[in-house]
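Here the structure comes first, spelled out in structure tokens, and everything after it is commentary.
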Amino acid sequence: YSSGSHLADCCPSYILVDDGSGVADAVPVYRHVKSGCLLLSFPVSLVSPDTPDEDIRLFFCRGPLPLMRRYGRGVLGCMEILFELFADTEGINGRTGSEFYGLCEGPGHETGETGSAESLCYLPILVDKQHVRSSPSWVDASKKHSQCFIKLPDMVASAGFAFGMMERRLKAEVYHSDGEGRAVRLLAHFFACLGRAEEAAVLWDQASQEDEAKLGSDHLQTASSFAALAACFDDLGRSEDAEAFHSKALAAMAKNFGRSSSEAVACELGLAACRHVQGKCKLHGMLPATQSGVLCLEGAAAHAIAVIFSQAAGDEREEAEAEVLYRQGLSILRRCLGPGHADTLHCLNNLALCMADQGKIQQAEQLLRRTVAGMEMVLAPTHPRPIQALSNLACCLAEQGKVEEAETNHRRAFENAKKRLGWQHPETSACAQSLAQFLTSCGRCTEAALLELQADQLGRPCWKRGRT
């Protein structure tokens, strides 16, 4: 079962009751025939691939179906949910491991459980026996279920094992389904959650073509595929390609739910942002962010983000590896905070700079345009981040030889910094330096020198200046 076989094929006491296609590509659910209890079909493998079979132990997490379905999303690439499931979020700061209790018995052990709509659901968990820290203990006074205490020494590595196994399993399902159907959608969703946008885009393109041919362009599943493909193109800096699929998704959602529905509004906002990046329209409708200056994540989500960003900033990290990590962090921030939150946009800015360092200048430009547009919508005029993003955009344009637009944005960033932040703010000094370097590169050295002199004189604190 853990190697990829369908549960009903290797264990006749289970029957498939929901393939997950109706719940946003969720994990399939099986029902135990005798007890009526439910079981998510994908186990969470927290063991290294080279662990001998005899050292693997099977445990379970149990709860209501909606909660277990949420945890199942963690298996499909949502790292923050995987951390939430296993990490001790109350004492997470300074910790390198995670601690949890796993039930020793799964569905069928207690035949008194019924098969009603409120059935308990189990999530299977595979653990190396060396991490089982105690003998089984009874869960309650009924002595019908026992549990063991489990401690993982490194949650990050364990998450990597879980995602590695899931990728192998999903690829096997795609192979056995001849590269068609729901298996393709699941693998595309998995790659998108992990920030692997290029691989996800190929699969979403394949899925959207199949859905459109079989179901029609107005079907909800087709619309979801269009929207997912457009989002991948957006993240890859391919706004022209994304626009067509944003439009298709909007048309289908509006036809099914109405133009004023939340689904259609979300598609309309995505289309507006895509067109704005190409200079075709102004961006409207983005809601203001709250607590814009600081990450307002807590617990497992904050831990997952901290881990990802610390890895991305590692001294020995290759830019291509850092790009994947920034994309994964961006996915988490979008799910937890929303696409228009200031911290999500700040991550988008960092992703753009990472791509620029790899020479992907055109893609970086489009991401920076999205960043500037979003930040100017959600942040106060006196916030330095929109000015930083605008200055970054100007540098990116200059590298492509778009001199006039680059100068316009450099001067706009500098003027905004002077008026909104004051001469003595570090961002004003940084903008002045960027503009001076740009002018020097254009052969306007005298103008650059005068600007640097002005910034040096006016940027000093008053008590350091001489009498005038």
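The test for being open to solvent by 60 Å² or more (accessible area, probe 1.4 Å) and polar (S, T, N, Q) holds for Ser310. Residues of the stretch 370-411 that are surrounded by fewer than 18 Cβ atoms within 10 Å (Cβ to Cβ), charged (D, E, K, R) and farther than 25 Å from Arg238 by Cβ: Arg411 alone. Among residues of the stretch 64-86 being aliphatic (A, V, I, L, M) and open to solvent by 10 Å² or more (accessible area, probe 1.4 Å), the one that is nearest to the chain's Cα centre (by Cα) is Met79.
Scanning the stretch 148-170 for residues that are among the basic types (Lys, Arg) and closer than 19 Å to Asp50 by Cβ gives Arg168, Arg169.
Is it the case that Pro461 is open to solvent by 80 Å² or more (accessible area, probe 1.4 Å) and either basic (Lys, Arg) or modelled with pLDDT under 90 (or both)? Against the criterion (open to solvent by 80 Å² or more (accessible area, probe 1.4 Å) and either basic (Lys, Arg) or modelled with pLDDT under 90 (or both)), Pro461 does not qualify.
One residue alone among Gln358, Gln328 is within 25 Å of Arg238 (Cβ to Cβ) and either touching a residue at least 40 places away in the same chain (Cβ under 8 Å) or out of contact with any Asp or Glu (no Cβ under 6 Å at 6 or more places or on another chain) (or both), and that residue is Gln328.
The stretch 1-63 holds strands (runs of 3 or more DSSP E) entirely within its bounds, and those carrying 1 or more residues that are at pLDDT 85 or above and open to solvent by less than 10 Å² (accessible area, probe 1.4 Å) map to 29-32, 38-40. Would you say Ser224 is surrounded by 20 or more Cβ atoms within 10 Å (Cβ to Cβ) and under 16 Å from Arg369 (Cβ atoms)? In short, no. Taking the conditions exactly as written (surrounded by 21 or more Cβ atoms within 10 Å (Cβ to Cβ) and under 21 Å from Val27 (Cβ atoms)), does Ala201 satisfy them or not? The answer is no for Ala201.
In the set (1) open to solvent by 40 Å² or more (accessible area, probe 1.4 Å); (2) among the charged types (D, E, K, R); (3) at pLDDT 80 or above, Arg95 fails one condition alone, (3). Scanning the stretch 176-193 turns up at least one residue that is open to solvent by 20 Å² or more (accessible area, probe 1.4 Å), closer than 17 Å to Gly20 by Cβ and aliphatic (A, V, I, L, M).
The values are calculated or read from the model by the stated rules, or taken from the named source; none is laboratory data. On a predicted model such as this, the values are computed, not experimentally measured, just so you know. Every residue, glycine as well, gets a Cβ built from its backbone with ideal geometry; the counts of neighbours run over all protein chains shown. Heads up: the accessible areas ignore ligands, DNA and RNA and are worked out on the full protein's heavy atoms, side chains in. Shrake-Rupley method; radii C 1.70, N 1.55, O 1.52, S 1.80 Å.
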